[in-house]
Amino acid sequence: MKVRTRFAPSPTGYMHIGNLRSALFAYLTAKSMDGDFILRIEDTDQERKVDGAVEFILNTLNMMGLNPDEGAEKGGNFGPYYQSQRLDIYKKYAEKLVEDGYAYYCFCDEERLEKLREIANARKVPFTYDGHCSHIPLEEAKKRIANGEKYVIRQKMPKEGVTSYVDTVYGEIKVENSTLEDQILIKSDGFPTYNFANVIDDHLMEITHVNRGNEYLSSTPKYLLLYEAFGWESPIYIHQPLVIKADGTKISKRNKDDNLMDLISRGFLPEAIINYIALIGWAPKDNQEFFSLKELEKAFDIHRISTAPGCYDIKKLEWFNSHYIKEMDDEKYLNWIKPFLKFDISNKSDDWINKLLLTYKTHINCGEMINDVVKNFFAKSYELDDECKNFLASDEIIPLVIEKFASEIEQINDWNTDNINIAIENTKNGLNVKGKLLYMPLRIKASGFMHGPELDACIYLLGKEKTLENLRK
Ligand code: GLU
């Protein structure tokens, strides 16, 4: 049987790192077993629906290379792939359950439910529906519906026994049926709950492996009872550990380190994001760290997903990103990085701009960072930070080094890195200084930073005039 997995987002906002991890693991589960990856839009919560979210999901998957084989927009033989277009299907199956005695119509109004909630609160026990309407004969219920009474459809849980299953990640999960609530399957507005729709859709779409967050781990037995009631075979479950953040805050669509749109617009590369996200909660057999998507498709193994919460750390993502920036070929890098540059470059030559950007290629961990590291090449003057100031004041020879170097620079006629290196060498020999005392003052005075690319390259890019101006300031 062909493996089929699905990513089933609710279009309630933009995608964050956690959502992408769900999509990626579903994708990799399918691809590691030559299967198909399906996109289903779970848009039954009309109130939480956000305009544009579906488009963003589609664009994000596309940008990340996680292209569905089938699903929303793409189409396929198991559609519609939007749950809001499947209401008739859910209704039909829910009614079948009612006929077969596995579900019932419930007419309890908000007032009654509120009372039950209050009683539960007072007793300090979790609220569960008391099964009040499960005793109404079906004929009577149908009459009440025909009379226009509002109703929901609830699942009738067995009162005895145990339901269990083996989750791929968490192992055996067991619940006492007596603890299960008669959950709502169809709401009074005719929309299904997640608890019902996931079962119907996963079955009808022939999903073989269900990847989803571990918040569903303990409600899965309820879904299994539905499979049983229908006489259907249940899929394999792969519940995935939560993604937590290194700084202890919660992943949020509104946080710029978590929101994919923000990350991409700040110059994080899809390859880097995919590579890093794959390693949150999953580990390869060996210590390999860098994986292309194609390599992940081969290496991924559902049995190596961890139960420990995966930790998302933006610093680690920056580290992966800088690796992928370094790996880019120069031409591709230049095309990618240029749009991030926000300085006026109209009076600079293409050659100079390209040299500048290439010089800093190995010094940035995301696209927009280029502005921080090259800003002093565009600034009229710069402010030194305390670390720089302290260093300049740390030794009496430093002013002499700077002046000697300035006078050497002044004498250069042919502006190139060879001559700049000769000027450095002459400064070194003339004052008998070397190492940090030689290089650091020159770097700080010329570029305004303590760290950066090769000194000769920086000074070359600054130009003779600007270098002298900076040195003598
Ligand atoms: N629509 C659910 C969510 O966004 C999906 C859960 C699932 O994958 O089954 O949380």
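The values are calculated or read from the model by the stated rules, or taken from the named source; none is laboratory data. In this text, all values refer to a predicted model and were calculated from it rather than measured experimentally. As a convention, Cβ positions derive from the backbone with ideal geometry for all residues, glycine included, and neighbour counts pool all protein chains shown. Surface accessibility is based on the protein's heavy atoms, side chains included, excluding ligands, DNA and RNA. Shrake-Rupley method; radii C 1.70, N 1.55, O 1.52, S 1.80 Å.
Okay, here's what the table says:
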{"item": "Residue check for Ile89: more than 14 Å from the ligand (Cβ to nearest atom), closer than 29 Å to Ile184 by Cβ, β-branched (Val, Ile, Thr) and touching a residue at least 60 places away in the same chain (Cβ under 8 Å)", "result": "yes"}
{"item": "Test: Val210 is within 16 Å of the ligand (Cβ to nearest atom), surrounded by 15 or more Cβ atoms within 10 Å (Cβ to Cβ), at pLDDT 95 or above and β-branched (Val, Ile, Thr)", "result": "yes"}
{"item": "Helices (runs of 4 or more DSSP H) wholly inside the stretch 375-433 that include at least 3 residues being more than 19 Å from Lys473 (Cα to Cα) and without any contact (Cβ under 8 Å) to a residue 12 or more places away in the chain", "result": "417-431"}
{"item": "Residues located in the stretch 71-113, provided they are open to solvent by 60 Å² or more (accessible area, probe 1.4 Å) and in a loop (DSSP other than H, G, I, E, B)", "result": "Glu73, Lys74, Asn77, Asp100, Tyr102, Asp109"}
{"item": "Pair list, Cβ < 7 Å and 6+ apart or interchain, from the stretch 185-210 residues that are within 19 Å of Gly79 (Cα to Cα) and among the hydroxyl-bearing types (Ser, Thr, Tyr) to residues that are within 12 Å of the ligand (Cβ to nearest atom) and open to solvent by 10 Å² or more (accessible area, probe 1.4 Å)", "result": "Tyr194/Glu42; Thr208/Pro235"}
{"item": "Matching residues in the stretch 197-213 - criterion: being assigned to a helix (DSSP H, G or I) and among the polar types (S, T, N, Q)", "result": "Asn198"}
{"item": "Output for the stretch 402-414, where each listed residue is open to solvent by 60 Å² or more (accessible area, probe 1.4 Å) and either under 14 Å from Tyr460 (Cβ atoms) or in contact with a Phe, Trp or Tyr (Cβ under 9 Å, 6 or more places away or on another chain) (or both)", "result": "Asp414"}
{"item": "Scope the stretch 222-275; condition more than 26 Å from Phe291 (Cα to Cα), of a type outside the set (Ser, Thr, Tyr) and open to solvent by less than 10 Å² (accessible area, probe 1.4 Å); matching residues", "result": "Leu226"}
{"item": "Single unsatisfied condition, Gly452 versus (1) part of a helix (DSSP H, G or I); (2) out of contact with any Phe, Trp or Tyr (no Cβ under 7 Å at 6 or more places or on another chain); (3) open to solvent by less than 50 Å² (accessible area, probe 1.4 Å); (4) under 23 Å from Leu357 (Cβ atoms)", "result": "(1)"}
{"item": "Residues within the stretch 6-59 that are touching a residue at least 60 places away in the same chain (Cβ under 8 Å), near the ligand (Cβ under 10 Å from one of its atoms) and open to solvent by less than 20 Å² (accessible area, probe 1.4 Å), tallied", "result": "7"}
